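The block underneath contains the structure these notes are about, expressed in structure tokens.
Throughout, read-outs are computed from the coordinates displayed, never taken from laboratory work. All values reported here derive from a predicted model rather than from experimental measurement. Cβ atoms come from the backbone with ideal geometry, glycine included; neighbour counts cover every protein chain shown.
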Amino acid sequence: MSDVCKLGTVPNLQSPDPLAWDGPAVGLLDLDAFFASVEQLDHPEWRGRPVIVGGSADRRGVVSTASYEARRYGVHSAMPSATARRLCPDAIWTRGNFARYREMSAQVMAILGDETPLVEQVSIDEAFFDVTPGRYSRESPIEICRRVQRRVAELGVTCSIGLGVNKTVAKIASEREKPRGLTAVLPGTERAFLAPLPVGAMSGVGPATQERLRRMGIRTLGELSRADAAELERTFGVLGPRMALRAAGLERSSVAEAAAPEDVKSVSNERTFSEDLTERDQVRAGVAHVSEMVGRRLRRKGLRGRTVTLKVKYDATHARTAQRPLAEPTDDERVFGRVALALLDELWQPGMRVRLLGVGVSGFDDDRPAQMSLFGGGADEAGEGRDRSALGRVADALRERFGDDAVGYGRDLRFKDRTSDTAPMHKDA
């Protein structure tokens, strides 16, 4: 029998017994076509039909998730909706219900939590988990994964799981058999499993890195694992030898428990516009619009940061970012939004087209004392800041109770019909 057990398709296991796992056991659970699967669960009449979750083609939308029926036509996530519509004109389209997806995701993560406290959720539909024998259970990791898959299926969605001795192997294994696959790479067989795969199968190796490796004569993970460490370091810096180690299956990785809110490193939002912004007042209003979205999320999480990042995307493939520190931590978009606007001059000049704007705030763990104003500022300035912050909290409360459109600024009205109707991108890192 192969040392790689594709248990989703090979139900009858033979010796050597893969259930007798010896060593670390790290799993990666990936929910299959998650958003589309939830939609098909909630709309039984959509089952068996191509379903696409994403923004509309007429407003520069992108595909968030496509059901497997839609994927047969070549549709995939992050594809422009216009392309997806051309490939699959009869698909059912929905913008999605992200509150519902978060609810279902929480139920899946709770299933993993029943098996081990070491669950590291990396996205709404993906999580690493540690089921090393003897750590929290003496049961076979493979049996645990099978049970997790059964319980997830009872919720009405399915998942694929990769199991290996580290995160790299688990992630790659999770992609081998989809949907409803369980691929276990037995301890000691990592190198043989990885060697024939293209270098792009390993996370973190994007097109640019693949091209540089190709020029070095490296196309597979086996070739990468045998590459000269000094040459890799000259080309890629310290990441070069680390890539070779991962390609050999020798990475040593641990699964951390889910991050608490105070462990979040950054909070950001992005908006894609259905038509390019070209005028200064449009672009400045766009930065303020996205800053307000970030401020709301910062206050909801009880976070204040002291570093601001602005991202400007000019077309589908070209983007730049700029960053600047704040004098003291804040959750007020009127404060960090002004800094984001100041950064705009580093990234944009009149005549340049803007497709997407993003604003991020980080530096939550920096506990340096607040810097006092060089020119006084005194009680009046502090009081004004408290008034602005209080106003933001009142506006937040009204939106929470009556909806996002309950309170708004004049600048927001101009974007009501000018942003992509793909759900806004917001990230906690």
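In this label model, Glu233 and Ala153 are separated by 4.9 nm, measuring between points 7 Å along each Cα→Cβ vector.
Within the range 312-329, which residues have the backbone N less than 14 Å from the label spot 7 Å out from Arg215 along Cα→beta-carbon, could you tell me? No residue qualifies, since no backbone N sits under 14 Å from the label point. Put in order of Cβ neighbour count within 10 Å, fewest first, the listed residues His318, His43 become His318, His43. The 3J(HN,Hα) values that the Karplus relation (6.51, -1.76, 1.60; θ = phi - 60°) gives for the range 274-286 are, in residue order, 5, 10, 4, 8, 10, 8, 4, 5, 5, 5, 5, 5, x Hz. Gly and Pro appear as x.
Take 80-90, 168-178, 28-38 and order them by the average number of nearby Cβ atoms within 10 Å per residue, most first; the result is 28-38, 168-178, 80-90. Between the residues Gln107, Leu186, Phe34, the greatest Cα displacement towards the positive end of the dipole of the range 1-189, with unit charges on the Cβ of Lys, Arg, Asp and Glu, is found for Phe34. Rounded to whole numbers, the Karplus 3J(HN,Hα) couplings from phi for the range 68-73 are 5, 5, 6, 5, 5, 8 Hz, using 6.51 cos²θ - 1.76 cosθ + 1.60 with θ = phi - 60°, and x at Gly and Pro.
FRET efficiency for the pair Glu346 and Ser203, taken as 1/(1 + (r/R0)^6) with r the Cβ-Cβ distance and R0 = 30 Å, rounds to 0.45.
Report the gain in length on full extension from Glu139 to Ala192: 0.36 nm times residue separation, minus Cα-Cα distance, nm rounded to one decimal. All intermediate terms of the calculation are to be shown ahead of the outcome.
On the way: separation 53, 0.36 × 53 = 19.08 nm, distance 2.59 nm.
Roughly 16.5 nm would be gained on extension.
Label-to-label distance, Arg49 versus Ala110, with points set 7 angstrom from Cα along the beta-carbon direction: 3.1 nm. Distant-in-sequence amide contacts of Ala127, defined by a placed amide H-H separation under 5 Å and a gap of 5 or more residues or a different chain, comprise Leu29, Val122.
Modelled this way, with points 7 Å down the Cα-to-C-beta line, the labels at Leu245 and Lys301 are 2.9 nm from one another. Database remark: amide H of Arg95 closer than 5 angstrom to the amide H of Gly54 (H placed geometrically; neighbours at sequence offset of 5 or more, or on other chains; Pro and chain starts carry no H). Annotation: amide H-H contacts under 5 Å for Leu326 (H modelled 1.01 Å from N, sequence separation of 5 or more, or interchain): Thr307, Val308.
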